[in-house]
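A short worksheet on the structure shown next.
The values are calculated or read from the model by the stated rules, or taken from the named source; none is laboratory data. Model, not experiment: these values are computed from the prediction. Cβ coordinates were reconstructed from backbone atoms using ideal geometry, including for glycine residues, and neighbour counts include every protein chain displayed.
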Amino acid sequence: MANSYFDIPEPIRIKAIEAGAPKLQLSITLQAAPEKAALGYPGKSAGDVLFNGAAGTLLVSLGEAPKMITDTFRVAGGSVGRWLVQNAAPSAEISVNNVNGFGIPNALAAFCEGLLLGVFKFERHKKASNSIEPFTVSVRAQNGLDGVETVVRRATILARAVNLARDWGHEPANVINPVTLAERAVALSERYGLKCTILDEKKLEEIGAGAILSVGKGSHQTPPRIIVLEYAGKNAAADAQPVVLVGKGLTFDSGGYSMKDTANMQGMKYDKCGAMAVLAAIAAAAELGVSTPIVAIIGAAENMVSSYAYRPDDLITSLAGKTIEIISTDAEGRLVLADCLTYAQRKYSARAVIDLATLTGGVVVALGRLRAGILSNNTALSEQLAAAGERTHERLWPLPLDEEYFQLLKSDDGDMKNSATVREAHPIVGGIFLRQFVEDTVPWAHLDIAGLADTPKDSAYCPRGATGFGVRLLIDYLENL
């Protein structure tokens, strides 16, 4: 059964071929859109395609030349991948000279990623249908295969990791809960040679992790877990400091007694997507042989209603020893993260701590579905992550963390409230809450990915549902340390 966790269909595979290899049946050609629409050219939007059966060509538009960026090639790759699958295309090839001939950085890598990301489908629970055999897109090299093979291998590893995060993100709460997620993490650790530690409810009680335990109390049969995976880093020094990645893993969030309405409860299976991105990122880092040591810490819980559940007005004590007055049981993710952040700092001397969480609806109001919010106590770390976001097109936008925002969380009865009582600065309030659990000397960044973790409609290289946002960003950041 464990192997099936990783059995994600791959309709397309990519390989490099020599310049002199026999010509294949279908030739893919990328081209800039002409200034005016013309016969024999695809449309003006990036990803538009024009098939010429007689000539055996598939022309793919890159849009207007002045507007081309690296992500344009990812968009083109996604469009090509979908066309190939829909049309059960024969063998196809594209020339590395064509892809790299536009002077855009990392164009080939982006095109390959798009090919593999654009054809992802979550159909694990559908009745088996007539599936097509995976077919291969060949990248015709110019001067030897080494460089092309390296690009193809990296793009394939990244796309598989993103698609793993998507696949697990899609799974409903009756399939993935804190207990079964821990089982998957064990399988992941065995597959990628990682060290795995699971803190069950008894261990969490023993160490005093009262915040995550409070959130998970309502789900009596599937209690919370803190899941820890460790990757030593390729050829890393024994005393090398790890980067700690923390993921919010709410396998379902009903809102608890501060219950969500029907419309907002639908889709709460995606409230674990920060954790899925972190798990996929550490797996990809291990497969790529990233030199930096990495620790992944997942706070897994279900926020449910029962006679055991925590309530508004409760006072709970976190792992850090700080007391929290519960204003809203629907502000649960920050409670889970608080204990995970404390555990990370107690256990590891971290080079940086980065958390990913679908934390607030407010960040969607502020930034929409184009950028995630980043809040950080360290300018250098924030800038490094933002730069990685621009390179991968998993873009971020900085939000402030002025200490005055903590006034919104002042409590008469405890050290702080878990939520403000006014509708102001929601993503910032979430960030300033987490800031109370991070030491000043620890570089830390919080990525609020609530607007990017899932998408309500198909996009160029991501179908509707879980996106796997953050995996490529994190790998780019880690590779550039």
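Take the residues of the range 429-450 that are closer than 30 Å to Gly114 by Cβ and over 12 Å from the mean Cα position of the chain (by Cα): which is surrounded by the most Cβ atoms within 10 Å (Cβ to Cβ)? Before the answer, list the steps.
First, the residues of the range 429-450 that are closer than 30 Å to Gly114 by Cβ: 445-450.
Filter once more, so that each one left must be over 12 Å from the mean Cα position of the chain (by Cα): 445-446.
Details: Ala445: 24, His446: 30.
Taking the candidates together, the pick is His446.
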(request) Check whether at least one residue in the range 410-419 is within 25 Å of Leu288 (Cα to Cα) and either of a type outside the set (Asp, Glu) or at pLDDT 95 or above (or both), and report yes or no. (result) no
(request) Identify all residues within the range 231-245 that are within 21 Å of Ala187 (Cβ to Cβ) and either within 21 Å of the chain's Cα centre (by Cα) or crowded, with 24+ Cβ neighbours inside 10 Å (or both); write none if there are none. (result) Tyr231, Leu245
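Has the range 382-389 got any residue that is closer than 30 Å to Ala76 by Cβ and surrounded by fewer than 17 Cβ atoms within 10 Å (Cβ to Cβ)? Please lay out each step first, then the result.
Narrowing the range 382-389 to residues closer than 30 Å to Ala76 by Cβ: 383-389.
Retained after the next criterion (residues that are surrounded by fewer than 17 Cβ atoms within 10 Å (Cβ to Cβ)): 383, 387.
Yes, there is a match, as at least one residue in the range 382-389 is closer than 30 Å to Ala76 by Cβ and surrounded by fewer than 17 Cβ atoms within 10 Å (Cβ to Cβ).
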(request) Kindly establish whether Gly256 is part of a loop (DSSP other than H, G, I, E, B), touching a residue at least 60 places away in the same chain (Cβ under 8 Å) and in contact with a strand residue (DSSP E or B) (Cβ under 8 Å, 6 or more places away or on another chain). (result) yes
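Of the residues Ile316, Ile326, Ile297, only one is hydrophobic (A, V, I, L, M, F, W, C), touching a Cys at 6+ places or on another chain (Cβ under 8 Å) and modelled with pLDDT of 95 or more; which? Steps first, answer last, please.
Details: Ile316 fails: touching a Cys at 6+ places or on another chain (Cβ under 8 Å); Ile326 fails: touching a Cys at 6+ places or on another chain (Cβ under 8 Å).
Result of the check over Ile316, Ile326, Ile297: Ile297.
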(request) Scan (1) closer than 21 Å to Lys248 by Cα; (2) surrounded by fewer than 20 Cβ atoms within 10 Å (Cβ to Cβ); (3) in contact with a strand residue (DSSP E or B) (Cβ under 7 Å, 6 or more places away or on another chain) for the single condition Phe135 breaks and write down its number. (result) (1)
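Please work out which residue is farthest from Leu399 (Cα to Cα), limiting yourself to the range 429-481 and to residues that are among the polar types (S, T, N, Q) and assigned to a strand (DSSP E or B).
Taking the range 429-481 as the starting set, the residues that turn out to be among the polar types (S, T, N, Q) are 436, 441, 455, 459, 467, 480.
Checking the rest, the ones that are also assigned to a strand (DSSP E or B) come to 455, 459.
Numbers: Thr455: 22, Ser459: 26 Å.
Taking the candidates together, the pick is Ser459.
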(request) Residue by residue through the range 353-400, note down the ones that are closer than 15 Å to Val429 by Cβ, over 15 Å from the mean Cα position of the chain (by Cα) and assigned to a loop (DSSP other than H, G, I, E, B). (result) Thr360, Gly361, Leu399, Pro400
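In a helix (DSSP H, G or I) and free of Cβ contacts under 8 Å to residues at least 24 places away in the same chain - does that describe any residue in the range 161-169? Steps first, please.
Of all residues in the range 161-169, those in a helix (DSSP H, G or I) come to 161-169.
Those still in the list that are free of Cβ contacts under 8 Å to residues at least 24 places away in the same chain too: none.
Checked against the condition, which is being in a helix (DSSP H, G or I) and free of Cβ contacts under 8 Å to residues at least 24 places away in the same chain, the range 161-169 yields no hits at all.
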(message) Condition first: under 31 Å from the mean Cα position of the chain (by Cα) and under 24 Å from Thr136 (Cβ atoms). Now tell me which residues in the range 28-45 satisfy that.
(response) Ile28, Thr29, Leu30, Gln31
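Which of the strands (runs of 3 or more DSSP E) found entirely inside the range 27-101 contain at least 1 residues meeting this: without any contact (Cβ under 8 Å) to a residue 12 or more places away in the chain?
Working: elements: 49-52, 57-61, 92-95.
Fully inside the range 27-101 and qualifying: 49-52.
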(message) Quick check on the range 398-409. Is at least one of its residues within 30 Å of Phe111 (Cβ to Cβ) and hydrophobic (A, V, I, L, M, F, W, C)?
(response) no
(request) Could you identify the single residue in Phe135, Phe111 that is of a type in the set (Phe, Trp, Tyr), closer than 24 Å to Thr392 by Cα and assigned by TED's automatic domain parsing to the domain that holds Ser27? (result) Phe111
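Suppose we filter the range 218-230 for residues that are in contact with a helix residue (DSSP H, G or I) (Cβ under 9 Å, 6 or more places away or on another chain), surrounded by fewer than 24 Cβ atoms within 10 Å (Cβ to Cβ) and touching a residue at least 40 places away in the same chain (Cβ under 8 Å); how many remain? Step through it out loud before you land on a result.
Of the residues in the range 218-230, the ones in contact with a helix residue (DSSP H, G or I) (Cβ under 9 Å, 6 or more places away or on another chain) are 219, 221-230.
So of that shortlist, the ones also surrounded by fewer than 24 Cβ atoms within 10 Å (Cβ to Cβ) come out as 221-223, 228, 230.
Subsequent filtering for residues that are touching a residue at least 40 places away in the same chain (Cβ under 8 Å) retains 222-223, 228, 230.
Number satisfying all stated conditions: 4.
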(request) Provide a single number: the residues in the range 170-195 that are out of contact with any strand residue (DSSP E or B) (no Cβ under 7 Å at 6 or more places or on another chain), outside any helix (DSSP H, G or I) and closer than 19 Å to Glu230 by Cα. (result) 1
(request) Take the range 208-230 and flag every residue that is more than 23 Å from the chain's Cα centre (by Cα) and part of a loop (DSSP other than H, G, I, E, B). (result) Gly208, Ala209, Lys217, Gly218, Ser219, His220, Gln221, Thr222, Pro223
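Of the residues Ala338, Ala309, Ala320, which single one is outside any loop (DSSP other than H, G, I, E, B), in the same structural domain as Pro242 (by TED's automatic domain parsing) and of a type outside the set (S, T, N, Q)? First the steps, then the outcome.
Numbers: Ala309 fails: outside any loop (DSSP other than H, G, I, E, B); Ala320 fails: outside any loop (DSSP other than H, G, I, E, B).
Only one candidate qualifies: Ala338.
Just for the range 401-428: of the residues that are more than 23 Å from the chain's Cα centre (by Cα), in a helix (DSSP H, G or I) and not polar (S, T, N, Q), which one is surrounded by the most Cβ atoms within 10 Å (Cβ to Cβ)? Show your work before the answer.
Taking the range 401-428 as the starting set, the residues that turn out to be more than 23 Å from the chain's Cα centre (by Cα) are 401-425.
Applying the additional criterion that residues be in a helix (DSSP H, G or I) yields 403-409.
Narrowing the set further to residues that are not polar (S, T, N, Q) leaves 403-406, 408-409.
Numbers: Glu403: 8, Glu404: 8, Tyr405: 18, Phe406: 15, Leu408: 19, Leu409: 21.
By that ranking, first place goes to Leu409.
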